[in-house]
Amino acid sequence: MVRTRFNSGAGLEAFIQGIEEDSLKERNVLITGGAGFIGSWLAEALVALGAKVTALDNLSTGSLKNIEQLMGLSNFKFLRGDVSTLKIEERYDFIVHAASLPAPDIYVKKPVETMLSNSLGLLNILEASRNHDSVVLYTSTSEVYGDAETVPTPEDYWGRVNPIGIRSCYDESKRFGEALCMAYFRQYGVDARIVRLFNTYGPRLDPNASYARVISRFIIQALNGQPITVHGDGKQTRSFLYISDAVNALIRLMVKEGLKGEVVNVGNPDEIKILELAELVRRITESKSPIVFSPPRPDDPRRRCPDISKARKLLEWEPKTSLDDGLKFTIEWFKKVLLHER
């Protein structure tokens with residue numbers, strides 16, 4: 001097993017627990033978005049398991065800092081490029097399509113680019129899989145459920161999404177991506193698997209991005225003594241999954257046999273109000289920052305919580321890291337980053 005410095009707080013074992021050590025040894029894996037938040041942690045875990053990993057990223061939101069500890073290793077390669085225009089010639093055993101613009105503040109400003117990665121980009125991936133018999137893991141999102149009427153939400157819920165709303169570039173392109181995966185599975189027999197990821201957090205969330213996911217925004221505001229901004233009334237809910245739990249589920253879904261065409265929720269079934277999250281971040285950081293309210297986001301779902309019965313059954317998986325522990329790990333990482341920048 002290849003050892004890298006796994007600075008996640010949770011440690012390497014949390015990422016690969018329950019994974020057979022030889023299941024990925026010498027296997028070729030392509031990760032699109034491999035320098036991003038989730039992609040880089042997945043790359044590091046797979047490298048540790050002995051896979052030969054190629055990380056593809058155009059660095060629009062990813063960062064070379066996320067994969068600097070992998071550079072120079074014999075079983076890791078970085079390729080700068082855009083999956084929407086890339087022709088994939090090399091054969092891979094597994095392809096994980098994780099390239100995406102990941103947050104509302106950026107994808108509403110770049111709706112066309114957002115849609116291309118989940119349409120043309122995914123088409124390139126599926127064609128490569130069709131030609132080379134690769135397993136494809138498509139990272140979809142809980143956003144496909146929209147403002148769900150059934151909570152906790154199971155995979156057989158069809159969704160309640162505004163197809164022409166400001167968020168539709170992300171929601172609908174992910175839904176199209178799922179449909180395209182199923183079309184290739186049904187017509188060509190491609191081994192496509194779909195994971196619907198719910199809110200995921202941890203170290204490597206970009207503290208300097210022009211956008212910010214809610215946890216990174218709250219942490220940065222709390223550490224800097226700035227007002228913690230809550231959109232709307234704060235009574236909307238989300239469920240937050242720590243990065244080690246997310247990556248562990250992704251690997252299980254990749255390698256387990258007999259999961260062609262399966263769609264699986266991966267998230268934390270513990271639901272929390274956004275206002276409660278802000279208060280929790282403020283408590284853990286020991287911040288004096290006031291909590292202030294701003295206008296709600298357009299089409300922002302009121303509740304978001306997964307039914308993970310299928311993941312428990314098929315993957316023998318459920319989250320291990322509590323929100324308190326995950327936030328502590330993440331806050332410590334942000335403290336180091338902010339201190340280094342000062």
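Structure summary
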{"read-out": "Residue pairs meeting the criteria (Cβ under 6 Å; at least 6 apart or on separate chains; first more than 11 Å from SER289 (Cβ to Cβ) and in contact (Cβ under 8 Å) with a residue 60 or more places away in the chain, in region 214-238; second part of a loop (DSSP other than H, G, I, E, B) and polar (S, T, N, Q))", "value": "ARG238/ASN199"}
{"read-out": "Matching option when the condition is modelled with pLDDT under 95 and either among the polar types (S, T, N, Q) or touching a strand residue (DSSP E or B) at 6+ places or on another chain (Cβ under 9 Å) (or both), among TYR211, TYR170", "value": "TYR170"}
{"read-out": "Residue check, ALA278 under 20 Å from LEU42 (Cα atoms), part of a helix (DSSP H, G or I) and modelled with pLDDT of 95 or more", "value": "no"}
{"read-out": "Complete set of residues in region 72-99 that are acidic (Asp, Glu) and buried (at least 18 other Cβ atoms within 10 Å of the Cβ)", "value": "ASP82, ASP93"}
{"read-out": "Condition broken by GLU127, with the remaining ones in (1) at pLDDT 95 or above; (2) in a helix (DSSP H, G or I); (3) out of contact with any helix residue (DSSP H, G or I) (no Cβ under 9 Å at 6 or more places or on another chain); (4) of a type in the set (D, E, K, R) satisfied", "value": "(3)"}
{"read-out": "Condition met for GLU68 (buried (at least 23 other Cβ atoms within 10 Å of the Cβ) and not aromatic (Phe, Trp, Tyr))", "value": "no"}
{"read-out": "Residue list for region 100-115, filter: crowded, with 19+ Cβ neighbours inside 10 Å and not β-branched (Val, Ile, Thr)", "value": "SER100, LEU101, PRO102, ALA103, PRO104, TYR107, MET115"}
{"read-out": "Which listed residue, of VAL281, VAL264, is of a type outside the set (Asp, Glu) and within 30 Å of CYS181 (Cβ to Cβ)", "value": "VAL264"}
{"read-out": "Top-ranked residue in region 160-202 [being closer than 17 Å to ALA98 by Cβ and hydroxyl-bearing (Ser, Thr, Tyr); ranked as nearest to the chain's Cα centre (by Cα)]", "value": "THR200"}
{"read-out": "Some residue of region 253-264 being crowded, with 22+ Cβ neighbours inside 10 Å and closer than 20 Å to ASP147 by Cα", "value": "yes"}
{"read-out": "Filter pass, ARG160 being of a type in the set (D, E, K, R) and crowded, with 18+ Cβ neighbours inside 10 Å", "value": "no"}
{"read-out": "Hits in region 203-257 (condition: more than 17 Å from the chain's Cα centre (by Cα) and either at positive phi or among the hydrophobic types (A, V, I, L, M, F, W, C) (or both))", "value": "PHE218, ILE219, ILE220, ALA222, LEU223, GLY225, ILE228, VAL230, GLY232, GLY234, VAL255"}
{"read-out": "Contacts under 8 angstrom Cβ, first residue in region 320-342 being touching a residue at least 40 places away in the same chain (Cβ under 8 Å) and more than 16 Å from ILE272 (Cβ to Cβ), partner aromatic (Phe, Trp, Tyr) and surrounded by 14 or more Cβ atoms within 10 Å (Cβ to Cβ), 6 or more apart", "value": "PHE329/TYR242"}
{"read-out": "In region 290-342, the residues that are farther than 26 Å from PRO269 by Cβ, β-branched (Val, Ile, Thr) and part of a helix (DSSP H, G or I)", "value": "VAL337"}
{"read-out": "Residue match in region 236-243 (condition: in contact with a helix residue (DSSP H, G or I) (Cβ under 7 Å, 6 or more places away or on another chain), modelled with pLDDT of 95 or more, in a helix (DSSP H, G or I) and over 25 Å from LYS110 (Cβ atoms))", "value": "no"}
{"read-out": "Tally, over region 286-314, of residues that are in contact with a helix residue (DSSP H, G or I) (Cβ under 7 Å, 6 or more places away or on another chain) and buried (at least 22 other Cβ atoms within 10 Å of the Cβ)", "value": "3"}
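Every residue, every condition in (1) surrounded by fewer than 24 Cβ atoms within 10 Å (Cβ to Cβ); (2) touching a helix residue (DSSP H, G or I) at 6+ places or on another chain (Cβ under 8 Å); (3) closer than 22 Å to LEU241 by Cβ; (4) in contact (Cβ under 8 Å) with a residue 60 or more places away in the chain, yes or no:
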| site | (1), (2), (3), (4) |
| --- | --- |
| ARG27 | yes, no, no, yes |
| GLY33 | no, yes, yes, yes |
| PHE37 | no, yes, yes, yes |
| ALA45 | no, yes, yes, yes |
| LEU56 | no, no, no, no |
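The values are calculated or read from the model by the stated rules, or taken from the named source; none is laboratory data. Because the structure is a prediction, the values reported are computed rather than measured. Here Cβ is always computed from backbone atoms with ideal geometry, including for glycine, and neighbour counts include all displayed protein chains.
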